[in-house]
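Asks: Sending over a structure as structure tokens; questions will come in a sec.
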Amino acid sequence: MRLHLTTQVVLLTKKHMFLRHSKYSIPLLLTVLLFGCSPENKKEKTLSGYDLDTPEKFFMPESIFEISGIAFNKGNADTVYAIQDEEGKLFKLGLGVKKQLHTKFGKKGDYEDLAIVNGQVVILKSSGAMVFFPLAATDQEEIDSVTEWKHVLPKGEFESLYGEETTGNLYILCKNCPSDQAKESLSGYILNLDDSTKQSTDFRIDVKQIKEKAGKMKTGFKPSGLAQNPITKEWFIISAINKLIVVTDSNWKVKETAQLEGGKFNQPEGIAFDNAGNLYISNEGSDVSEGNILKFKRLVK
């Protein structure tokens, strides 16, 4: 609603009678007129090195409508490897190319994230079980050389996996574990690709540090994807439930957060980086949108 300037001054003067005799009343009133009706400042949508407002968008084929995880082999962005959370299929596609290839590795299930480490594809189930098979076998229509680790993680729900090429370490974040206090901290685990019994010291993320930067979270922090920036070695963690991205240092201390707009990030489940440090976030589709992958170029100063 537009009001004439004189009308606004009269209304504000009635509301703020204590300003009537002040020599500063006109400047103050003008300040209110100029800024008082403007919307509240929105949370910054730019992370250090990335502008979350300007992604390049790649729509996914219908077969990957419910895309739940993405990964690159050694950071090579020519081919995206993806899974969807209901079928035991690994998809291979080029960004911007609707055609996709896939190979079947298992029965229907709840598959949440994947990593490619030292020539092995690792797929994480929500139960914490993990499936392994050679990357070279993905040229086949169906893979018969599949290994599965069960009960290597505590009871809980897991959606975040990252594989470190140099060490063969697998980093897993808990989304919902009975041992965690979700509003205070969440637990992470490190396994080694060569030995399921070799588990290094658990690590934890202080949710209170996230709240200090992002504000209140009714459900606590519920991660759905994890990746390490190859340039800065910072950890990037996304949450579909919280519509939030969290950045920590290499020791899991929270550095910054950013809200993920619902219109752009329908259901952010997957996250990955390429060799150049460009950031990729995948979103499941909805009634009005296809599944997609958003690419955010690394901003070089």
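Asks: Of the conditions (1) in contact with a strand residue (DSSP E or B) (Cβ under 9 Å, 6 or more places away or on another chain); (2) more than 20 Å from Asp53 (Cα to Cα); (3) among the basic types (Lys, Arg); (4) surrounded by fewer than 19 Cβ atoms within 10 Å (Cβ to Cβ), Lys233 fails just one. Which one is it?
Replies: Lys233 satisfies every listed condition except (1).
Asks: Among (1) under 20 Å from Gln84 (Cα atoms); (2) not in a strand (DSSP E or B), there is one condition Thr232 misses while meeting the rest; what is its number?
Replies: (1)
Bear in mind that the values in this text are calculations on the coordinates, not laboratory data. Bear in mind the structure is a predicted one, so any value in this text is a computation, not a measurement. Neighbour counts are summed over all protein chains in view; Cβ atoms, including those assigned to glycine, are modelled from backbone coordinates with ideal geometry.
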